[in-house]
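J.: Pasting a structure here, questions to come.
What follows draws every value from the coordinates through simple rules; no lab data is involved. Small disclaimer: the values here were computed from a predicted structure and weren't measured. So basically every Cβ, Gly included, is an ideal-geometry build from the backbone, and we count neighbours across all protein chains shown.
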Amino acid sequence: MTNLKRFLFNAFCFLALGCTFTACSGDDNNTWDDSGSQVTLPARRAYILYEGSYGANNSGIAFYAPFSNADFIADIYSLQNGKQLGDTGIDLLEYDDHIYFAGSASKYVARMNAACVELTRHSFGETDGDPRYMVADDGFLYVTQYGGRVSKLNAQTLEVVDTFDGGDNLEGITECRGKLYVANSYQNTSAGVVYNNEILVINPQTMELENTLEVYLNPNVLMEVEDKVYLISWGDVMNGVPYQLQMIDPANNNQVINLGEFAKMAEGANDILYLVKTETNTADWSVTNSFFTYNTRTGQMDDSFLTNAPEELSTANIYLLEVDDETGDIYIGTTDYVTTGDIYRFDSTGALKEKFDAGGINPNSMVFIDQD
């Protein structure tokens, strides 16, 4: 931005201080970067990524105020950047007071400031595999890709500094005890899709494979909790193979322990995992959901963490499960794959607080950030 443009922009913001909608940044004394923001945002923020429909270029990021001190914004990315987010937004990540986004079909990852103003992006080439999921650690962003690649990017510049090539179509990724754990989900063959049962263990310094773990069919979602890796394999529902939750213990030679047939997980306070079990009737593709908690320290499994869940949640297509690490509030997002999804918010005791629109189709993830 030229000095003249910067002067005019700052002057405009000064004149707009009394307006409800337009401003330059968030609350006074923010420790993060809100430069370029078109709206005043509170110190506690949540962003909801909705995936949209494949090929429709209708992914987006919605802004939500957990403390109800700002209006909901259905597409804050477009508002802040003057353009659409892209096609098939697959992953959203907060790292070092910045927001990272992976657009699978649009083939790019982006780094945004705390107000969702885009700072830089890395676009993958036409022959590169679509980016999928991300994890950030020690100044680097690791991105899985279809076609068997993990790209290691500088977390600030998004320049590629190294790659790992191996596996087939890679999905979830997490870091635990100095290693990367990556889901080698499936492969495309002349006979169709063939599901794998492998987790790849990669050294992030050398980007070389150190180990391959055998897990349940079609591994997808990975999460690190208290120096252990939790994995959900998606199975093969059409052929009667259910979802499976597993725990990988790096301190015990990467022992894999099965914990049950769970389709969604989220980390809560006090080493608690929140879980959704989904049973699918393949005759009509209806689903039945039940809700559990798992104590990662004691191994205790308890049924429902929801005290007054609406009846429709028991048969809804649950696409999102997140827990606010500050308040303990639980967010469950649903979809019908066609219209705007719904978000159900429960307090830490499992009592329903509110239900609201997700902003777009297929809400798949949330991040929560606050001023330090």
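J.: Within a Cβ distance under 13 Å of Lys228, other residues only, what is the Lys/Arg minus Asp/Glu net charge?
T.: Residues close to Lys228 contribute a combined charge of -4.
J.: What lysines sit close enough to Lys277 to cross-link, taking a C-alpha to C-alpha distance under 25 Å and skipping anything fewer than 8 places away on the same chain?
T.: Within the straight-line limit of under 25 Å, Lys277 reaches these lysines: Lys228, Lys264, Lys353, Lys355.
J.: Now for a different question. What residue among Ala110, Val201, Tyr64 has its Cα farthest toward the positive end of the dipole of the chain, where the charges are +1 on Lys, Arg and -1 on Asp, Glu, each on the Cβ?
T.: Checked the options; the winner is Ala110.
J.: Spelling out what I want: for every residue of the range 130-136, take phi, set θ = phi - 60°, compute 6.51 cos²θ - 1.76 cosθ + 1.60 (Karplus), and round to whole Hz; glycine and proline get x.
T.: Residue by residue, the range 130-136 yields 4, x, 10, 10, 10, 9, 10 Hz.
J.: Per-residue ellipticity at 222 nm for the chain, helices alone: DSSP H runs ≥ 4 residues times -39500 (n - 2.57), over residue total, nearest 500 deg cm²/dmol?
T.: Calculated mean residue ellipticity at 222 nm is -1500 deg cm²/dmol.
J.: Relative contact order for the range 262-363: what percent, with Cα pairs under 8 Å and sequence separation of 6 or more?
T.: With pairs under 8 Å counted, the relative contact order is 20 percent.
J.: Please state the shape class of the range 167-291: rounded when a/c is under 1.5, otherwise prolate if a/b exceeds b/c and oblate if not, all from the C-alpha gyration tensor.
T.: Because a/c hits 1.5 or more and a/b fails to exceed b/c, the range 167-291 counts as oblate.
J.: What's the FRET efficiency of Lys355 with Glu214 using the Cβ-Cβ distance as r and R₀ = 45 Å, to the nearest 0.05?
T.: The pair Lys355/Glu214 has a calculated efficiency of 0.65.
J.: Could you identify which residue out of Asn270, Asn69, Asn57 has the top mean-square fluctuation in a GNM of the chain using Cα springs shorter than 10 Å?
T.: Asn270
J.: Moving on. Run the dipole for the chain about the Cα centre, Lys and Arg Cβ at +1, Asp and Glu Cβ at -1, nothing else charged, and hand back the magnitude in debye, nearest 20.
T.: Charge dipole, the chain, about its Cα centre: 740 debye, nearest 20.
J.: Quick one: what Rg and Dmax do you get for the range 60-170 from the alpha carbons, in Å?
T.: Gyration radius and largest Cα-Cα distance of the range 60-170: 14.4, 47 Å.
J.: How many percent of Cα pairs in the chain exceed 36 Å?
T.: Tail of the P(r) past 36 Å holds 21 percent of the pairs.
J.: Amide H neighbours of Phe140 under 5 Å, at least 5 residues apart or on other chains, H built in the peptide plane: list them.
T.: Excluding prolines and chain starts, which carry no amide H, the hits are Ala155.
J.: Lys/Arg Cβ at +1, Asp/Glu Cβ at -1, dipole of the chain taken about the Cα centre: which of Ala351, Gln156, Ala191 is farthest positive-ward?
T.: Gln156
J.: So, with +1 on the Cβ of K and R and -1 on the Cβ of D and E, and no other charges, what is the size of the charge dipole of the range 55-134 about its Cα centre, to the nearest 20 debye?
T.: Roughly 100 debye for the range 55-134.
J.: I need the phi-derived Karplus couplings for the range 151-165: 6.51 cos²θ - 1.76 cosθ + 1.60, θ = phi - 60°, integer Hz, Gly and Pro marked x.
T.: My calculation for the range 151-165 gives 9, 9, 10, 4, 5, 8, 8, 6, 7, 6, 10, 5, 9, 10, 10 Hz in order.
J.: Right, next: Could you pull out every residue, at least 5 positions away or on a different chain, whose amide H is within less than 5 Å of the one on Leu320? Hs are placed 1.01 Å off N in the peptide plane, and Pro or chain starts have none.
T.: Amide H neighbours of Leu320, under 5 Å, 5+ apart: Gly333.
J.: Sticking with this structure for a sec: What ranking of Asp33, Asp336, Asp324 emerges when the number of other C-beta atoms within 10 Å of each C-beta is taken as an exposure proxy, fewest first?
T.: Asp336, Asp33, Asp324
J.: OK, next. Just need the relative contact order of the chain here, percent rounded to a whole number, with Cα pairs under 8 Å and 6+ apart.
T.: It comes to 12 percent, rounded to a whole number.
J.: Any chance you could give the angle, 0 to 90 degrees and rounded to 10, that helix 3-15 forms with the longest Cα principal axis of the chain?
T.: 90
J.: Still on this structure, I have one more. About the Cα centre of the range 294-372, what is the dipole size in debye to 20, counting +1 per Lys and Arg Cβ and -1 per Asp and Glu Cβ, all else neutral?
T.: 200
J.: Cα to Cα, under 25 Å, and not fewer than 8 places away if on the same chain: which lysines meet these conditions relative to Lys83?
T.: List returned: Lys5, Lys107.
J.: Now, a different point. Each residue of the range 174-179 in order: what ³J(HN,Hα) in whole Hz does its phi give by Karplus 6.51 cos²θ - 1.76 cosθ + 1.60, θ = phi - 60°, with x for Gly and Pro?
T.: Taking θ as phi minus 60°, the curve returns 8, 10, 8, 6, x, 10 Hz for the range 174-179.
J.: Check Ala114: other-chain or 5+ apart residues with amide H under 5 Å from its amide H, H built from backbone geometry?
T.: When sequence neighbours closer than 5 places are left aside, the close amide H contacts are Asp33.
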